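Peer 1: The structure is given below, and queries will be raised subsequently.
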Amino acid sequence: MTELEAAIHAQPDELRRLAGLDVRPHTKRLAAGERVWVVGTGSSWHAADLGAAMFARAGIDARAAASNDFALRAPLRAGDGVIVLSHTGSTAYARASRQRALDIGAPTVSITGDGVGWPEAIETGPKERAETYTRSYTGALAVLALLAGELGAEGLGPEAVVAAADATETALGAPVELPDDRRLIVLAGLGPNAVTAREGALKLREAARLTAEGFDAEYLLHGNAVPLTGDDVLIAVGSDPDGFLPRLAKAAREAGVPAVELDQPEPADELMAQIPLTARLQLLALRRAVAGGQDPDKVIVGSWDDAELWETGAP
């Protein structure tokens, strides 16, 4: 068994464990801020996008930012709250973002893996052993839901995390089936599902070395779908009240592009539904990695693993 497979299947129990965390000391710190920034890199940036939506539900002026953008450009004020997402605590621009927030005196909370050593951090569990991150991502989403729920976001909190854990356990028994040997895998969703489309594409690229792209579905329609052919495949992620995604999938099929519709009816909350949806795409990436003879546990290799490159922007 690969480390990735073990991590994917550990998520339901990990989520149930995290549902029992007491985040009240951290929410007191954030509640003092005028607005909240949620900051991360890579998968953590995707989690930041969903986290900002969770805090917005609590009536908070919440803004997601990529670590590089936050560290160098964001209009940060001393009265702002800042949540820095970094599983390892080693990502250069995440460290720079945290340092900028601390230097200005902004109330700061970090969400990390165990042992990072940041005193303001909520630690979600042992560091991942696969370089294709999975449980750290869903764990961060669980903690963000707990924080937002404590600050008044309706439908979020411990019960919502447990419901997402149960749905994830069920979802892992329903793998996504795709046609083999596609030139390009396109994932598209709306709202929170668009974030999961990007995260799913990232997992397919990392684990299976497949060319995949994640889109906001409306943006895909406005020109980006034009070059798609029968050599590609569309995954419509989630659902929407207007029926846009089923119509998009229908248009793809009529254009000769295979299309798969991936819905997640449970849990009913569209933000929490992103956790089991993501797990299904993680499992797809694992299955494609195994089928293609790829090692999903070792991702960053060769010149991409240059230490100077990865340390660029560090405080």
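So that you can scan it fast, the table gives a plain yes or no per residue for (1) acidic (Asp, Glu); (2) at pLDDT 95 or above; (3) within 15 Å of VAL84 (Cβ to Cβ); (4) surrounded by 15 or more Cβ atoms within 10 Å (Cβ to Cβ):
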{"site": "ASP13", "(1), (2), (3), (4)": "yes, yes, no, no"}
{"site": "ARG16", "(1), (2), (3), (4)": "no, yes, no, yes"}
{"site": "GLY20", "(1), (2), (3), (4)": "no, yes, no, no"}
{"site": "ARG24", "(1), (2), (3), (4)": "no, no, no, no"}
{"site": "GLU34", "(1), (2), (3), (4)": "yes, no, no, no"}
{"site": "SER44", "(1), (2), (3), (4)": "no, yes, yes, yes"}
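Peer 1: Here's a check for you: in region 64-107, which residue that is charged (D, E, K, R) and surrounded by fewer than 19 Cβ atoms within 10 Å (Cβ to Cβ) is nearest to the chain's Cα centre (by Cα)? Can you show your working first?
Peer 2: Just the residues of region 64-107 that are charged (D, E, K, R), to begin with: 69, 73, 77, 80, 95, 98, 100, 103.
Still in the list and also surrounded by fewer than 19 Cβ atoms within 10 Å (Cβ to Cβ): 69, 73, 77, 103.
Values: ASP69: 18, ARG73: 23, ARG77: 26, ASP103: 27 Å.
Residue satisfying both the conditions and the ranking: ASP69.
Peer 1: Looking only at region 254-264, decide whether some residue is at pLDDT below 95 and of a type in the set (D, E, K, R).
Peer 2: Yes, some residue in region 254-264 is at pLDDT below 95 and of a type in the set (D, E, K, R).
Peer 1: Right, here's the next one. Go through region 204-214 and count every residue that is outside any helix (DSSP H, G or I) and surrounded by 23 or more Cβ atoms within 10 Å (Cβ to Cβ).
Peer 2: Our first condition is that a residue be outside any helix (DSSP H, G or I); within region 204-214, this holds for 209-214.
Still in the list and also surrounded by 23 or more Cβ atoms within 10 Å (Cβ to Cβ): 212, 214.
Going through region 204-214 one residue at a time, the tally reaches 2.
Peer 1: Separate question: Based on this model, can you work out whether THR168 counts as part of a loop (DSSP other than H, G, I, E, B), of a type in the set (S, T, N, Q) and either more than 26 Å from GLY243 (Cα to Cα) or modelled with pLDDT of 95 or more (or both)? Walk me through it before giving the result.
Peer 2: Values: part of a loop (DSSP other than H, G, I, E, B): no; of a type in the set (S, T, N, Q): yes; either more than 26 Å from GLY243 (Cα to Cα) or modelled with pLDDT of 95 or more (or both): yes.
For THR168, the condition - part of a loop (DSSP other than H, G, I, E, B), of a type in the set (S, T, N, Q) and either more than 26 Å from GLY243 (Cα to Cα) or modelled with pLDDT of 95 or more (or both) - is not met.
Peer 1: Residues of region 220-233 being open to solvent by 70 Å² or more (accessible area, probe 1.4 Å) and without any contact (Cβ under 8 Å) to a residue 12 or more places away in the chain, which ones? Break it down stepwise before answering.
Peer 2: Of all residues in region 220-233, those open to solvent by 70 Å² or more (accessible area, probe 1.4 Å) come to 221-222, 226-227, 231.
Listed by number, the residues that qualify are HIS222, VAL226, PRO227.
Peer 1: Right, another one. If only one of ALA236, ALA201 is open to solvent by less than 60 Å² (accessible area, probe 1.4 Å) and in a helix (DSSP H, G or I), which one is it?
Peer 2: Exactly one residue qualifies, and that residue is ALA201.
Peer 1: Would you point out the residue of region 239-250, among those that are free of Cβ contacts under 8 Å to residues at least 12 places away in the same chain and not in a loop (DSSP other than H, G, I, E, B), that is most open to solvent (accessible area, probe 1.4 Å)?
Peer 2: If we filter region 239-250 for residues that are free of Cβ contacts under 8 Å to residues at least 12 places away in the same chain, which is where we start, we get 241-243, 247, 250.
Keeping just the survivors that are not in a loop (DSSP other than H, G, I, E, B) gives 247, 250.
Working: ARG247: 157, LYS250: 113 Å².
In this case the residue turns out to be ARG247.
The values are calculated or read from the model by the stated rules, or taken from the named source; none is laboratory data. A quick note: this is a predicted structure, and the numbers were derived from the prediction, not measured. Because the Cβ atoms are built from the backbone with ideal geometry, glycine has one as well, and the counts that use them run over all protein chains shown. In case anyone asks, the SASA skips ligands and DNA or RNA and just uses the protein heavy atoms, side chains included. Shrake-Rupley method; radii C 1.70, N 1.55, O 1.52, S 1.80 Å.
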